[in-house]
Structure formats: structure tokens, C-alpha cells
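Please read the structure below before turning to the comments.
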Amino acid sequence: MAIRPEWRAAYSNATSAAVNDLPALGKGQRLRLSFTNYRTLFAIGLDFLSISLGWSVALIIYTIFTGKYVSNESLKLFLFSLQYTAAFILFGRVQFLYSYDHSLLQIRSTACILRVSCFSFFLVTIESFFGKMLIPRLLLVLCWVFITLFVLLQKHATRRLLAHAGAKNAGVRNALIVGAGSEARRVFSFLHNSPDLELHPVGFFQDGPGESRVVYSHDYQFKHYAPVYGGSLDRAFLEQHEISDIFVADPSLSPQKIVEVSLLASECQTQLSFAGSVHPHLNGKPTNYRMIDGLVVSSFAMAKDQNLGYELVKRIFDFIIASCMLLVSLPIFAAVAVWIKMSSEGPIFFKQERIGRDGVPFKMYKFRSMYVTAPKYGRSPESSDDPRITPAGRFLRKTSLDELPQVLNVLTGDMSVVGPRPEMPYVVAEYGPQQMQRLKVQQGITGIWQLSADRKFAIHDSIEYDLYYIENRGFFLDLAILLHTAAFAMKGI
């Protein structure tokens with residue numbers, strides 16, 4: 001169906017001020033800018049306190065364990081903390097550490113903090129060496145460890161409070177998200193976790209009869225949600241819910257419907273924005289999928305080249321971590337093996353074919369948690385009461401110890417410590433172009449999807465987590481995911 005010329009003109013006028021992923025600044029947001037400098041200064045002050053606390057604790061621990069009284073080092077360490085703070089702020093500004101942009105499960109924020117901390121430590125250590133301000137190496141390492149730890153804790157504890165700082169001084173606008181799929185959910189998560197934008201997502205809208213359901217934000221647990229509205233999107237609906245911003249995040253929306261939404265936004269003087277892969281579908285042409293600020297977008301461009309340096313470091317890192325895990329867990333391996341054999345007949349290990357990087361199949365190892373009579377490629381149990389699970393298997397599955405043998409897959413190079421979870425062949429056979437992007441990288445034991453509440457559902461139903469990782473992957477992001485995994489395990493979620 002061709003778009004009428006007058007519709008096309010109205011559509012152009014209605015969208016001239018729109019942006020791809022974020023709305024234009026409103027009155028409240030312009031007011032917020034006057035508080036930005038004060039918020040940044042406050043954040044820098046908190047960083048200095050965290051760094052000072054870090055070196056103080058490091059000095060105490062160093063004194064206790066070495067028995068050396070280093071009071072003469074206090075002044076040096078104070079100067080070290082000043083230099084470290086200066087370097088941290090410098091690198092932090094370069095890395096946009098003080099922008100408070102939301103990232104998926106805050107993994108990217110952790111990676112940024114780790115990167116800035118490492119760069120700062122390296123710079124200050126070099127400067128102290130050439131400046132003849134010699135500090136014991138062990139004390140330097142302890143300083144870096146505790147400074148990084150306290151800065152991480154402080155940043156994650158105060159991020160939302162600081163993001164709220166500007167919002168409390170301006171009015172909050174209501175936003176409506178057109179669509180209720182993965183991209184719309186990504187927009188909702190971004191807006192919900194970015195209070196300094198002064199945009200409150202009131203809900204989602206889909207054509208057709210109203211649905212009695214809600215959509216949850218991406219988070220470690222299912223807490224924050226918004227309803228899905230149906231019916232007719234018209235002026236009365238916008239006025240009833242006091243909508244001031246509309247986000248179009250439905251890739252299946254027809255050109256005619258986009259024009260209608262644009263005309264409505266223009267008529268009601270509502271800010272209109274487009275997010276995600278909202279564009280006409282071009283059949284028969286290769287499409288590359290990537291992530292921008294956590295939103296799934298599609299483009300017709302070549303995929304970015306692999307970073308050979310990162311791939312080499314990742315492989316070395318995987319081998320070291322897997323070797324350490326194997327050595328430390330040998331007693332656990334032995335105990336679990338005996339328990340499995342006593343619990344039921346059959347082998348200790350369960351081997352299942354999975355699809356790895358570039359579509360290459362491999363055998364993935366697990367501790368056997370089900371009876372040998374259970375179908376090898378049957379549906380995974382959803383409850384510990386499943387009769388297919390052995391007595392030992394209930395404990396192994398609950399504690400995730402059944403996954404421990406996958407360190408052997410990491411050692412052989414079939415898997416990585418961090419990456420998308422490998423799927424079974426019959427699942428991969430049904431993949432579309434978007435899902436096939438998961439196979440561009442090494443499959444892993446842990447990842448962002450495993451940390452989210454969506455781990456309760458099928459992997460391919462939450463593809464945005466893996467696409468986000470593939471677009472932003474790097475050594476510090478991998479390290480951040482491992483730290484979040486450790487914290488996740490300690491909390492027992």
C-alpha cells in the first residue's frame with residue numbers, strides 16, 4: 001500500500017525532532033542539567049573517600065600480616081590516593097563513568113569501573129616508581145584490590161541515588177511504549193533505570209483487544225513491571241494517561257501504522273521517538289544484528305572483525321581459570337562421583353551434543369542428575385519433584401554442581417568460562433538470522449542471561465542478553481560477569 005503524499009509530509013514534520021533511541025530534552029530535563037555539575041562533584045568526592053578507605057584498610061591488613069609497622073608509609077599512601085583519585089577521575093571522564101547511563105544488569109558499569117581502576121593503578125604505579133616514592137609491592141597490590149572493591153560497592157550503591165538527584169528537581173513525564181516485544185522491554189528497562197531522564201514508562205501498547213498481562217524490566221529478580229494496553233491508540237487514550245512521550249519499538253509495525261502514530265503525536269504535541277529495529281523489512285538481503293545502548297537494532301553492514309588480541313587473552317584466561325577450578329574442585333568431583341553411583345545405576349557423567357562457535361557440534365559434560373531411562377534430549381525438568389531426577393540430582397541441580405564438569409570443555413577449547421549458553425542441535429536448527437548471531441562467539445558456562453530472572457525461560461526467548469554481550473564483549477566485561485556471578489551465587493538467588 002502506497003503512502004499518500006500528505007501523510008508522508010505529516011510524517012516528516014512529526015518526526016523531525018525525534019531521535020533514534022532517546023527523546024529530545026524536555027523542560028524538566030533542561031532544568032536537570034543545572035544539577036549535573038554538582039552531582040558529578042559529589043560523585044568524585046565519594047570516589048575519593050572510597051579510595052582513601054581502600055588504602056587505609058590495605059595498610060592495616062599489610063601491617064597485621066607482615067608485622068611491619070609502616071607509619072612512614074602513611075604520607076606516601078595519602079599522596080598515592082590523591083594521585084590515584086586524579087587518574088581515576090581522568091580515565092573515568094574519558095570512559096563516561098559519570099554519565100549514569102543504564103546498562104543491562106549493570107554489567108557494563110562494573111566493566112567500566114574495573115577498566116578505569118586498572119588504568120589508574122598502572123599509571124600511578126609507573127609514576128611512583130619514576131618519582132622515587134617507593135612503596136612495598138605487596139602493599140601496592142593490596143591497595144589496588146581494596147580500592148577497586150570499595151569503589152565498586154560504592155558506585156553500585158549510589159548510582160541510582162545520584163541518578164535521582166536531578167529528577168527530584170524537575171517534573172516527570174509519562175512515556176508510552178508502542179510494542180510489547182523484546183525491544184520494547186529493553187526501552188522500558190532503560191527508562192525505568194534512568195530516573196534522571198524524568199521519563200516514567202506507564203505501559204506498553206499493542207493493536208487489538210486488551211491483554212491482561214504485564215511486562216517486567218530486565219533485572220536480577222522480577223520486581224518492576226508495566227501493563228500492556230490494547231484497543232485504540234487515540235487522543236483520548238493519551239490524555240487519559242497524560243502521555244507526553246511515545247516510543248515506537250515494534251519492528252512489525254506497518255508503514256501506514258507508523259504514519260498514523262506520527263500524525264497522532266503531532267496533533268497532541270507529544271514527543272515521538274523510534275527505538276530498536278523499526279524499519280521496513282527487506283526480504284532476501286543479509287541482515288546483521290547488533291546492540292546500541294542495550295537496544296536490539298538491525299543494520300545492513302558487515303559484522304565487526306574479531307579482536308585477535310582479546311581472543312588470545314580470553315583463551316589464556318579461560319585455561320587458567322578452568323585449571324584452577326579443576327584443581328580446587330577435585331575433592332568435590334570425587335565426592336559427587338561416589339554419591340551418583342550410590343544414588344542410581346548408570347555413568348557418572350552425562351554427555352550431550354551441543355552446538356558451539358560457528359555451528360561446530362561438541363560433547364558437553366555434566367554430572368548425571370537423571371535416571372538413565374530419561375530421554376537424552378527431552379525437555380529439561382522445571383521442578384525438583386520431576387520423577388526423572390535422581391536423589392543426588394536434586395541437590396546437584398539446586399546448587400548447579402551438575403554444571404561443574406564443563407570446566408573440562410573449557411580446557412579442551414569447546415567452551416569458554418563466559419559466553420552464551422550452548423544449545424542443543426534441534427533447537428539451533430530452528431534458529432533465525434537473529435538467533436544465529438549467538439554462534440559468532442565461543443559458548444560459555446556463565447553469562448548475562450544466567451544472572452537474569454529470565455534464566456527460568458528458554459534461552460532463545462531472551463536473545464537480547466546474548467546480543468548485548470556479543471556487541472560489548474571484552475576482557476573487563478568478562479571479568480565483570482564473573483564478579484556478578486560470584487555475588488549472585490553468594491546471595492543464593
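So, in the range 91-117, of the ones that are touching a Ser or Thr at 6+ places or on another chain (Cβ under 8 Å) and at pLDDT 85 or above, which residue ends up nearest to ILE147 (Cα to Cα)? Ranking the qualifying residues of the range 91-117, first place goes to SER117. Taken together, the criteria exclude GLY356 from residues that are at pLDDT below 90 and either farther than 16 Å from LEU408 by Cα or out of contact with any Ser or Thr (no Cβ under 9 Å at 6 or more places or on another chain) (or both). Close Cβ contacts (under 9 Å, 6 or more residues apart or on different chains) running from residues in the range 330-344 that are within 11 Å of ASP402 (Cα to Cα) to residues that are part of a helix (DSSP H, G or I) and acidic (Asp, Glu) comprise VAL336/ASP402.
Taking first residues from the range 248-266 that are closer than 15 Å to ARG235 by Cα and partners that are modelled with pLDDT of 85 or more and assigned to a helix (DSSP H, G or I), the Cβ contacts under 8 Å between residues at least 6 apart in sequence or on separate chains come to LEU264/ARG235; LEU264/LEU238.
When you scan the range 382-402, do you find a residue that is at pLDDT below 90, surrounded by 16 or more Cβ atoms within 10 Å (Cβ to Cβ) and in a strand (DSSP E or B), even just one? Yes.
Could you tell me which residue of the range 199-247 is farthest from the chain's Cα centre (by Cα), considering only residues that are crowded, with 17+ Cβ neighbours inside 10 Å and assigned to a loop (DSSP other than H, G, I, E, B)? Step by step, filter the range 199-247, then rank; the result is LEU233. Checking each residue in the range 409-432 for being in a loop (DSSP other than H, G, I, E, B) and within 22 Å of the chain's Cα centre (by Cα) picks out MET415, GLY419, PRO420, ARG421, PRO422. A search for C-beta distances below 8 Å between a residue of the range 209-231 that is within 15 Å of GLU183 (Cα to Cα) and any residue that is among the aliphatic types (A, V, I, L, M) and assigned to a loop (DSSP other than H, G, I, E, B), counting only pairs 6+ apart in sequence or on different chains, returns VAL215/ALA180; VAL228/ALA180.
Residue count for the range 433-448, restricted to those that are of a type in the set (Gly, Ala, Ser) and part of a loop (DSSP other than H, G, I, E, B): 1. Taking each residue of the range 191-207 that is not assigned by TED's automatic domain parsing to the domain that holds VAL248 and looking for partners that are not polar (S, T, N, Q) with beta-carbon atoms closer than 6 Å, six or more apart or interchain, yields nothing. Mind counting the residues in the range 326-353 that are more than 27 Å from VAL427 (Cβ to Cβ) and not polar (S, T, N, Q)? Going through the range 326-353 one residue at a time, the tally reaches 16.
If you go through the range 421-443 and keep only what is of a type in the set (Asp, Glu) and in contact with a strand residue (DSSP E or B) (Cβ under 9 Å, 6 or more places away or on another chain), you end up with just GLU423.
A single member of PHE362, PHE333 is touching a helix residue (DSSP H, G or I) at 6+ places or on another chain (Cβ under 9 Å) and in a helix (DSSP H, G or I), and it is PHE333. Residues of the range 452-461 that are part of a helix (DSSP H, G or I) and buried (at least 20 other Cβ atoms within 10 Å of the Cβ): ASP454, ILE459. Note on the range 43-64: residues that are of a type in the set (Phe, Trp, Tyr) and at pLDDT 85 or above total 2.
The values are calculated or read from the model by the stated rules, or taken from the named source; none is laboratory data. What you see is a predicted model, and the numbers here were worked out from it, not measured in a lab. FYI the Cβ positions are ideal-geometry reconstructions off the backbone, even for glycines, and counts take in every protein chain you see.
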